[in-house]
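One structure below.
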Amino acid sequence: MIGEQTLEDVKAFVEKQKIYFRSGETRSLAFRVQALEKLGAVVRQNEARIIHALKKDLNKSEAEAYTTEIGILLEEINFTLKHLKKWMAPEKVKTAKTHIGSKGYKIAEPYGVTLIIAPWNYPFQLQLSPLVGAIAAGNTAILKPSELTPHTSHLMASLMKEAFLEKYVVVVEGGVKTTQHLLEQPFDYIFFTGSVPVGKVIMEAAAKQLIPVTLELGGKSPCIVDETADIALAAKRIAFGKLTNAGQTCIAPDYLFVHEQVREAFVKEYIKVVQAFYGKDAIGNEKYVKIVNDRHFNRLKEYLQDGEILYGGRADEEVEKIEPTLLVPRNHNVSVMTEEIFGPIFPVLSYSDLETVVNFILKRPKPLALYMFTTNKENERKVMDEISFGGGCVNDTLMHIATPYLPFGGVGESGIGSYHGESSFTTFSHYKSVLKQTNKFDFSFRYPNAKNGLKII
Ligand code: NAD
């Protein structure tokens, strides 16, 4: 259980960071490099403790905890260290004909004191990956982990204390009340990862002080399998994306549109893969992740009533696990088809004409992710060109999030802004445009109201 912080405590943290940021210490390349190296070292030295905390909070297996939480963060740190000097360098721009004699630069400057709010589903990585960007860009940071994963929250608080001074990076643990106190403070930037409804709360609070935001939100991410797809491979890659973290992944395929000609083959293959991954009794499998708490468990259990179960459908209250499930929804208005599922239940819809699929998706909020399985170039082009979505894959799931070369983020209801790799640096930087003028000459035509007598130097 995590308690709330008082308004005074929260205020004090922000004030301390404001003063420290003003000292200018966080801005040099050497300081940023040292801080990133320190972060990497603390993570590496505490891998076992991190894995243990994730096991307690979510029953994540060691392999899953390493690849999706620790490894991905260490990669991000290494990539940033490799490129930071180049990203920090002022960028010279061309001189317009009207501006002869001057020079223009873009200078990346840190915003100042940043707030990073994280969700519970990848509680470690989603808190510290944005921190890499905040540090790289020269900011200080206050981190607010989710109260639903208390072991990871406590551990991050102690690791950040070990690595950094509070005036530079600090974890403020707490729930809604604490976040509300934080949102009243004069932050220079807010980076939020979480649900769409809370994203709106954050943006409304930020708007009161015109604080810039990045919102990494969620929603329903469609997955399409057409009649030309490699069905066995598609089933394997989709089951991987759907069942990693038991479906509690912002970019998990939410629901499936499969061409009617390959529907039966796909269902058969999906079941085969699920059993190969977790056995016939996934709930009994030690490595199968649990649902985070009873509220989410009960929410998911309700979805099981929303249609005909093709596979799975069992929910075990004692261990808070839900079986990998394939379900044919009763209609498009049942909850499983209107709410973000965030669990291992996979609605299966079949189609005969790709146009209807495109129209179906276009009528709904722009997805965070979209996955298209096809070997037909025309179908691929149609989906990629006609549907707006944050990011996604052709013939794979999730993998677009794991490369530092691709910016990651949503569009429309699924989010504002992006991060990872260089885009984390740009997200946490303000680009200051500076024009340096020559004193060697001055054109009189730029002073149209001047009387005769202003001479050209
Ligand atoms: P959430 O929005 O409930 O909580 C996120 C954070 O906001 C937590 O730290 C929480 O303490 C805080 N919070 C909750 N209610 C609040 C309120 N009323 N006022 C102020 N702060 C509040 O989200 P969650 O349940 O932790 O995470 C699941 C959601 O996050 C899903 O919708 C998922 O798609 C999304 N998500 C998105 C990404 C992404 O990268 N786009 C990644 C992971 C999760």
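Values in this text are rule-based calculations from the coordinates and carry no lab data. Bear in mind the structure is a predicted one, so any value in this text is a computation, not a measurement. We place every Cβ from the backbone using ideal geometry, glycine too, and count neighbours over all the protein chains shown.
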Give me TRP87, TRP120 ranked fewest to most by other Cβ atoms within 10 Å of their Cβ, as a rough exposure proxy.
-> TRP87, TRP120
If amide H atoms are modeled at 1.01 Å from N in the peptide plane, then the residues at a separation of 5 or more from HIS430, or on another chain, having amide H under 5 Å from its own are GLU109, TYR111
Considering amide H positions built from the backbone, and no H for Pro or chain starts, which residues 5 or more places from VAL93, or on another chain, come under 5 Å of its amide H?
-> GLY104, TYR105, LYS106
Within the range 353-445, DSSP-loop trypsin sites (Lys or Arg not before Pro) with at most 12 other C-beta atoms within 10 Å are LYS363, LYS440
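Place the peptides 243-252, 171-180 in order of packing, highest mean first, counting for every residue the other Cβ atoms within 10 Å and averaging per peptide.
243-252, 171-180
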Hey, what do the phi angles of the range 82-96 turn into as Karplus ³J(HN,Hα) couplings, whole Hz, using 6.51/-1.76/1.60 and θ = phi - 60°, x for Gly and Pro?
-> 5, 10, 4, 4, 5, 4, 6, 5, x, 9, 6, 10, 5, 9, 6
How many times 2.2 N^0.38 Å is the alpha carbon radius of gyration of the range 222-401?
-> 0.96
Assuming a viscosity of 0.890 mPa s and a temperature of 25 °C, what translational diffusion coefficient in µm² per second does Stokes-Einstein assign to the range 64-185, Rh being the Kirkwood radius over Cα pairs?
-> 150
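As an exercise, use a Förster radius of 22 Å and the Cβ-Cβ distance of LEU210 and LEU406 to find the FRET efficiency, rounded to the nearest 0.05.
Result of the calculation: an efficiency of 0.15.
Could you grab the Rg to Rh ratio for the range 61-117? Cα atoms only, Kirkwood for Rh.
Numbers: Rg = 19.3 Å, Rh = 15.3 Å.
For the range 61-117, the value is 1.26.
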By average C-beta atoms within 10 angstrom, highest first, the peptides 342-352, 129-139 = 129-139, 342-352
Using θ = phi - 60° and the Karplus form 6.51 cos²θ - 1.76 cosθ + 1.60, what ³J(HN,Hα) does each residue of the range 350-362 get, whole Hz, x for Gly and Pro?
-> 10, 9, 10, 10, 4, 4, 5, 5, 4, 5, 4, 5, 5
In bins 10 Å wide, starting from 0, what share of all Cα pairs of the range 148-232 does each bin hold, as a percent?
-> 14, 34, 28, 12, 10, 3
The range 367-384 - phi-based ³J(HN,Hα) in whole Hz, Karplus 6.51/-1.76/1.60, Gly and Pro as x = x, 5, 9, 9, 10, 10, 10, 6, 10, 9, 4, 5, 5, 4, 4, 4, 5, 5
Out of residues 5 or more away from GLY307 or on other chains, whose amide H comes under 5 Å of its own, with H placed 1.01 Å from N in the peptide plane?
-> ARG330
Between the modelled labels at ASP442 and LYS287 (7 Å from Cα along Cα→Cβ) the distance in nm is 7.4
For the range 222-401, compute the number of Lys pairs whose alpha carbons are separated by less than 18 Å, excluding pairs fewer than 8 positions apart on the same chain.
-> 22
Looks like the range 250-309, by Cα gyration tensor root eigenvalues a ≥ b ≥ c and the a/c under 1.5 rounded cutoff (else prolate when a/b is bigger than b/c, oblate otherwise), is oblate
Selected from ILE211, GLY71, MET337, residue furthest toward positive end of dipole (the chain; charges at beta carbon) | ILE211
Excluding residues on the same chain fewer than 8 positions from LYS16, give the lysines whose Cα lies under 24 Å from its Cα.
-> LYS38, LYS144, LYS161, LYS167, LYS177, LYS208
Taking the Cα atoms of the chain alone, what are Rg (to one decimal) and Dmax (as a whole number) in Å?
-> 24.9, 92
